[in-house]
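Dropping the structure in here first, questions after.
Computed from the coordinates by the stated procedures, all read-outs in this text should not be read as laboratory data. Since we're looking at a predicted model, the values are computed, not measured. Cβ sites come from the backbone with ideal geometry, for glycine too, and all protein chains shown count toward neighbours.
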Amino acid sequence: MEAIITYDIPSKHREFKEKMFELGYKQDFKDSKGLNVHLPNTTLLHQNKIAAEAIDDAKRICSILSISLERCISTQFGPNWAAIYGTPLK
């Protein structure tokens with residue numbers, strides 16, 4: 001299963017993402033045609049987690065960094081999706 005998570009945190013954005021990347025989260029992926037899909041700034045994808053695990057990971061990282069997880073939604077990423085593919089984040 002693939003989980004997609006979107007979140008709002010007040011600070012330490014770079015540190016949060018680095019810790020999530022260490023757990024296997026990605027900010028982009030390839031579609032079925034091999035094209036790169038670049039996710040919005042506060043959205044990540046994990047290819048082997050369920051939605052509840054993604055939220056638990058975000059909570060744990062926020063606790064480690066001593067920041068609050070202000071808003072967060074995670075869901076299973078299924079086959080019926082549409083996107084504006086965007087460009088890589090800087």
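Using Cβ counts within 10 Å as a stand-in for footprinting exposure, how do Phe16, Phe29 rank, fewest first?
By the 10 Å Cβ count, ascending, the order reads Phe29, Phe16.
Measure nothing but the geometry: give the 0 to 90° angle between the long axis through the Cα atoms of 13-22 and the longest principal axis through the Cα atoms of the chain, rounded to 10°.
Approximately 70 degrees, to the nearest 10.
Now, a different point. On a 0 to 90 degree scale, rounded to 10, what angle separates helix 51-65 from the longest Cα axis of the chain?
40
If r is the Cβ-Cβ distance from Glu70 to Lys33 and R0 is 30 Å, what FRET efficiency results, to the nearest 0.05?
0.25
Moving on to the next point. Relative contact order for the stretch 1-79: what is it in percent, counting Cα pairs under 8 Å that are at least 6 residues apart?
Rounded, it is 52 percent for the stretch 1-79.
Please compute, for the alpha-carbon atoms of the chain, the extent along each of the three principal axes and give them in descending order in Å.
Rounded to whole Å, the extents work out to 40, 28, 21 Å.
So which lysines can Lys90 reach, going by Cα to Cα under 21 Å and dropping same-chain residues fewer than 8 places off?
Partners within reach: Lys12, Lys17, Lys19, Lys26, Lys30.
Sequence-distant or interchain residues sharing an amide H contact under 5 Å with Phe77, placed H: which?
Long-range HN contacts for Phe77: Glu2, Ala3, Ile4.
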